[in-house]
Amino acid sequence: MKLTDTERFFEECANIEYEKDVDLSLRSSFRIGGKAKYGVWPKSESAFCAVIDYLTEEKIKFTVLGNGTNVLFSDEGYDGVVVFTTSLKKIRCSRNTIYAEAGAAFNNLAAFARNSGLSGLEFAYGIPGTVGGAVYMNAGAYDGEVSKILQKSAYFDPVLSKRGELYNRSHEFGYRESAYMKNGCVILSASFELVPGDVDEINTKMEGFLAARREKQPLEYPSAGSAFKRYPGYFTAKLIDEAGLKGLTVGGAQVSLKHAGFIINKGGATSSDVKTLIKRIQDVIFEKNGIRIEREVRYID
Ligand SMILES: Cc1cc2nc3c(=O)[nH]c(=O)nc-3n(C[C@H](O)[C@H](O)[C@H](O)COP(=O)(O)OP(=O)(O)OC[C@H]3O[C@@H](n4cnc5c(N)ncnc54)[C@H](O)[C@@H]3O)c2cc1C
């Protein structure tokens, strides 16, 4: 079989794995999406940078993905390369600071912090993404948010072909927003500044958060978590509930009966089912409340 130039690069690049025609429905928590031309899994930071550098230089369309828990892939698939960070999962601790590579599971980071007697990451327990995805999204829950504990992140800038670091304030964090949404850089790792705490107390708090999630969220169905951002001064799920939209269904996509902020895949939902449902919800809320609620889930076409 004749290899394309891209495949030859992947073959020759040390410390990566790649696959052709990757089924994106199996790689995203929504369980929706066609195939990507290639999926690449770098196993070291330098391999990650080399892959991004190559794709940028060759003007090949790419996107970086963590655990795929906040994305909606198109049914048509992705005509490019998806670079998965999930093989970059080192975590280490130095005094009160925990360093993690971009692909480390946010859950594992929370457990690592607890086991190290460090408090501040309890909120992360139950958020099913990676460290890179959490920094990118400024993930948060209950009393915590990435912006409150992030010391710095390391990134690769594909345009300048250069590695760099951003300290907390330079992340321009907002509600589910970070500078990475605008600057196009790829997150390599992050360091979190925590405080010493009692392991049992930390554990109790984490288990409490997890129990609350199990009780309130439709975890038995594929979803991308909350489909919408909070609108200043409102709880979006409450607005959707009050508008009588719980259970609203388009094809296989439904507004969860358990939690109105979640759109779930009841089975066989397509990306257009989800997009149509999201638009319908936004329109109804606009008509009723005069505000346009913003989508949190990211469309990757
Ligand atoms: C059941 C459920 C519950 C959830 N609960 C919460 C919650 O309580 N709080 C919350 O904030 N979120 C929640 N989420 C949403 C989601 O888990 C978070 O947004 C998480 O941070 C996304 O991480 P990820 O690795 O899955 O990112 P992905 O979905 O893989 O990617 C999300 C975005 O980040 C970008 N990205 C990922 N990694 C990198 C990187 N290394 N460099 C540059 N860009 C990158 C991607 O291109 C994409 O645009 C929930 C989701 C589900 C399914």
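Values in this text are rule-based calculations from the coordinates and carry no lab data. Keep in mind that what you see is a predicted model, and the values were worked out from it rather than measured. Heads up, the Cβs are rebuilt from the backbone with ideal geometry, glycines too, and the neighbour counts pull from every protein chain shown.
Amide H to amide H, with H built 1.01 Å from N, Glu294 comes under 5 Å of Lys229, counting only residues 5 or more places away or on other chains. Karplus-derived 3J(HN,Hα) values for the range 178-183, using 6.51 cos²θ - 1.76 cosθ + 1.60 with θ = phi - 60°, are 8, 4, 5, 6, 10, 8 Hz; glycine and proline are entered as x. Of the residues Pro158, Val199, Cys93, the one whose Cα sits farthest toward the positive end of the charge dipole of the range 91-201, with +1 on the Cβ of Lys and Arg and -1 on the Cβ of Asp and Glu, is Pro158. Highest mean packing first, where packing is the average number of other Cβ atoms within 10 Å per residue, the peptides 88-94, 217-223 line up as 217-223, 88-94. If a spin label sat at a point 7 angstrom from the Cα of Val159 along the line to its beta carbon, the backbone N atoms of the range 35-79 nearer than 15 Å would be those of 56-57. Here the contact order of the chain, divided by its residue count and restricted to Cα pairs under 8 Å and six or more residues apart, works out to 16 percent. Taking a Cβ cut-off of under 13 Å around Ala154, the surrounding Lys, Arg, Asp and Glu residues balance to a net charge of 0, with basic ones at +1 and acidic ones at -1. Applying 0.36 nm per residue to the separation of Asp241 and Lys20 and subtracting their alpha-carbon distance, the gain on full extension is 75.3 nm. Each DSSP beta bridge with both residues in the chain is either parallel or antiparallel, and the antiparallel ones are about 80%. Computed on the range 1-108, with alpha-carbon pairs under 8 angstrom and 6+ residues apart, the relative contact order is 25 percent. The range 174-193 and the range 153-173 have Cα centres spaced 8 Å apart. Around the Cα centre of the range 5-84, unit charges on the Cβ atoms of Lys, Arg, Asp and Glu (plus for the first two, minus for the last two) sum to a dipole of about 300 debye. Sparse packing (at most 13 other Cβ atoms within 10 Å of the Cβ) combined with a DSSP loop state is found for the following trypsin sites (Lys or Arg not before Pro) in the range 1-72: Lys2, Lys59, Lys61.
Computed over the alpha-carbon atoms, the chain gives an Rg to Rh ratio of 0.98, Rh here being the Kirkwood radius from the mean inverse distance. Within the shell of other residues whose beta carbon sits under 11 angstrom from the beta carbon of Phe84, the net charge comes to 0, with Lys and Arg scored +1 and Asp and Glu -1.
Ile32 sits among other residues whose Cβ lies under 9 Å from its own Cβ, and their net charge, with Lys and Arg +1 and Asp and Glu -1, is -1. Legend: residue pairs Lys2/Lys61; Lys90/Lys182; Lys37/Lys89; Lys35/Lys238; Lys216/Lys288; Lys37/Lys216, Cα-Cα distance threshold 31 Å; pairs beyond threshold, Lys35/Lys238; Lys37/Lys216.
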